[in-house]
1. For segment 44-70, which positions are more than 17 Å from Leu85 (Cβ to Cβ) and part of a strand (DSSP E or B)?
2. Within segment 82-101, work out how many residues are part of a strand (DSSP E or B) and touching a Lys or Arg at 6+ places or on another chain (Cβ under 7 Å).
3. Could you list, in sequence order, the residues of segment 128-142 that are in contact with a Ser or Thr (Cβ under 8 Å, 6 or more places away or on another chain) and in a loop (DSSP other than H, G, I, E, B)?
4. Counting just the residues of segment 56-66 that are under 23 Å from Pro76 (Cα atoms) and out of contact with any Asp or Glu (no Cβ under 6 Å at 6 or more places or on another chain), which one comes out surrounded by the fewest Cβ atoms within 10 Å (Cβ to Cβ)?
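The values are calculated or read from the model by the stated rules, or taken from the named source; none is laboratory data. It should be emphasised that the depicted structure is a prediction, and the values quoted were computed from it without experimental measurement. All Cβ positions, even for glycine, are placed from backbone atoms using ideal geometry, and neighbour counts span all protein chains on display.
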Amino acid sequence: MILFIAAMLVAASVAGTLVTSVGDVSGSIDARSADAAQTIDTEVDIISDPGSEAVYDDSTTTVTLLVKNTGNGRLPADASKPDVLVDGQYVGAADRTLTVVSGSEWRSGNVVRLELTADLDPGEHRVVLIVNGDREVFEFYV
């Protein structure tokens, strides 16, 4: 009888531990799947013409890029959300603006104007834009 009670206590404690562990794993999988779905739905394309004089304004030291949401989801039209590098240097949120050009939100098919403050020398330059894990590279000459 004592062995039976001891076996039942051990089984109950193991079952309790397993239920807690399974719950934690399930929560982690749910969180990761939501993040993965957002990453999969995110796709942007820089549609600016690299040969255009409109990309860089020397008098205001402003790089202007047109970025189209070609993914399935809606993206935040917030200048602090995408990560931006110009020639390998991070451009902080204070040095960039993001304005929706077509429509009121950055939905699939809509375009935003991304303006970056960057003093560039003549020559070849590269902008890297990262939105929810989607990475786009834009090369142009000044």
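1. First, pick out the residues of segment 44-70 that are more than 17 Å from Leu85 (Cβ to Cβ): 45, 47, 49, 51-54, 57-60, 66, 68-70.
Residues satisfying the conditions are Asp45, Asp57, Leu66, Lys68, Asn69.
2. As a first pass, look at segment 82-101 and keep what is part of a strand (DSSP E or B): 83-86, 89-90, 96-100.
When the remaining residues are screened for being touching a Lys or Arg at 6+ places or on another chain (Cβ under 7 Å), the result is 84, 99.
Result for segment 82-101: 2.
3. Asn132, Gly133
4. Of the residues in segment 56-66, the ones under 23 Å from Pro76 (Cα atoms) are 62-66.
Still in the running and out of contact with any Asp or Glu (no Cβ under 6 Å at 6 or more places or on another chain): 63, 65-66.
On the way: Val63: 24, Leu65: 23, Leu66: 18.
Selected residue: Leu66.
Yes/no matrix, rows are residues, columns are (1) on the phi > 0 side of the Ramachandran plot; (2) surrounded by 15 or more Cβ atoms within 10 Å (Cβ to Cβ); (3) part of a loop (DSSP other than H, G, I, E, B):
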{"residue": "Gly73", "(1), (2), (3)": "no, yes, yes"}
{"residue": "Ser80", "(1), (2), (3)": "no, no, yes"}
{"residue": "Gly103", "(1), (2), (3)": "yes, no, yes"}
{"residue": "Gly109", "(1), (2), (3)": "yes, no, yes"}
{"residue": "Asp121", "(1), (2), (3)": "no, no, yes"}
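Yes or no, residue by residue, for (1) under 16 Å from the mean Cα position of the chain (by Cα); (2) of a type in the set (A, V, I, L, M, F, W, C); (3) at pLDDT 85 or above:
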{"site": "Ala12", "(1), (2), (3)": "no, yes, no"}
{"site": "Ile46", "(1), (2), (3)": "yes, yes, yes"}
{"site": "Thr61", "(1), (2), (3)": "no, no, yes"}
{"site": "Thr64", "(1), (2), (3)": "no, no, yes"}
